[in-house]
Every structure is written in C-alpha cells, then in structure tokens.
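Report on the following structure.
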Amino acid sequence: QVQLVESGGGLVQAGGSLRLSCAASGRTFSSYAMGWSRQAPGKEREFVAAISWSGGNTYYADSVKGRFTISRDNAKNTVYLQMNSLKPEDTAVYYCAAASVYRTVVAGAGDYWGQGTQVTVSS
C-alpha cells in the first residue's frame, strides 16, 4: 500500500512558475514509477508527465513538453513537478500516481492516487 499526498498548488499569474510535490509513504517508493495527471473543470483527467523508478526515463504530454519537468528524490520518497511558463489552460487539479509498471503511469493510469492539489493560472 502506498499513500500519496500532493502539495505546492496555488494561484499564479500566466508566465509564472510552481513546483508541486508528492510525498509517498512506505519503504518501497523507489520501486514505483510515478506520474502526474491533471483534471480541469468539465474535462477528463489527462496525463501530464511520468518518471521511471530510477528517474532514468521521463515522458511528457506534448502540451507541457519544454515547460514542465518531473523529477524524484528516492531518499525523500518524493516526486516533483516543476512547472514553468504557466498558461491559463494549465489550470486544473493535479494528481500524482504510483504504479509498479512504468507504462501504466505513461498511460495516465496508476495503482495508487493522491487527493490532488489545485493549480490556478490567471491571465
């Protein structure tokens, strides 16, 4: 069992930056691939970024490529999403996910999910 808690969301102006964190419980964090997805009001949840258990592989949605960076610190049981050059269309609730298989988070799915953190980008 893995419990995930996101933090770092908030209100930011367009062009600004935020860094989201996702803290995981359990001693097996380093064996899980991690991902971020988001859900805007009235829309389905969509994949944002994924990172393999070692951090050696990352994958991004085209809409965030070059602006967002996913990283992880296995010693701190934490995965991060650095978001730069934010746009109003990035406004959503951001969720982190953990999965035992990398392709699961690449597909925007997960074995475990956090509760989400709200990101609002004003124009």
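Filtered by the rule that a residue be in contact with a Gly (Cβ under 6 Å, 6 or more places away or on another chain) and among the aromatic types (Phe, Trp, Tyr), the stretch 52-101 gives a lone residue, Tyr95. Every listed requirement among (1) farther than 16 Å from Gln118 by Cα; (2) open to solvent by less than 50 Å² (accessible area, probe 1.4 Å) is met by Glu6 save one, (1). Taking residues in the stretch 76-104 that are farther than 18 Å from Ser7 by Cβ, and partners anywhere that are of a type in the set (Asp, Glu) and open to solvent by 10 Å² or more (accessible area, probe 1.4 Å), the pairs with Cβ atoms closer than 8 Å and at least 6 places apart or on different chains are Ala99/Asp111; Ser100/Asp111; Thr104/Asp111.
For the stretch 1-41, the set of residues classified as under 16 Å from Ala92 (Cα atoms) and modelled with pLDDT under 95 consists of Pro41 only. Scanning the stretch 60-104 for residues that are within 10 Å of Ala33 (Cβ to Cβ) and not β-branched (Val, Ile, Thr) yields Arg72, Ala97, Ala98, Ala99, Ser100, Tyr102, Arg103.
Of the residues making up the stretch 5-45, those that are charged (D, E, K, R) and either out of contact with any strand residue (DSSP E or B) (no Cβ under 6 Å at 6 or more places or on another chain) or not in a strand (DSSP E or B) (or both) are Arg27, Lys43, Glu44, Arg45. Sort out which residues of the stretch 84-99 are among the acidic types (Asp, Glu) and touching a Phe, Trp or Tyr at 6+ places or on another chain (Cβ under 9 Å), and write them in order of number. Within the stretch 84-99, Asp90 is the sole residue that qualifies.
Within the stretch 9-41, if we keep just the residues that are closer than 21 Å to Thr120 by Cα and of a type in the set (Ser, Thr, Tyr), the residue that is most open to solvent (accessible area, probe 1.4 Å) turns out to be Ser17. Quick one: in the stretch 51-96, of everything that is part of a loop (DSSP other than H, G, I, E, B) and β-branched (Val, Ile, Thr), which residue is most open to solvent (accessible area, probe 1.4 Å)? So, considering only residues that are part of a loop (DSSP other than H, G, I, E, B) and β-branched (Val, Ile, Thr), the one most open to solvent (accessible area, probe 1.4 Å) is Thr91. Taken over the stretch 108-123, the criterion of being farther than 23 Å from Gln13 by Cβ and surrounded by 15 or more Cβ atoms within 10 Å (Cβ to Cβ) is satisfied by Gly108, Ala109, Gly110, Asp111, Tyr112, Trp113, Gly114.
The values are calculated or read from the model by the stated rules, or taken from the named source; none is laboratory data. Worth saying up front: this structure is predicted, and the values here are computed from it rather than measured. Neighbour counts run over all protein chains shown; Cβ positions are idealised from the backbone, glycine included. All accessible areas refer to the heavy atoms of the entire protein, side chains included, with ligands and DNA or RNA removed. Shrake-Rupley method; radii C 1.70, N 1.55, O 1.52, S 1.80 Å.
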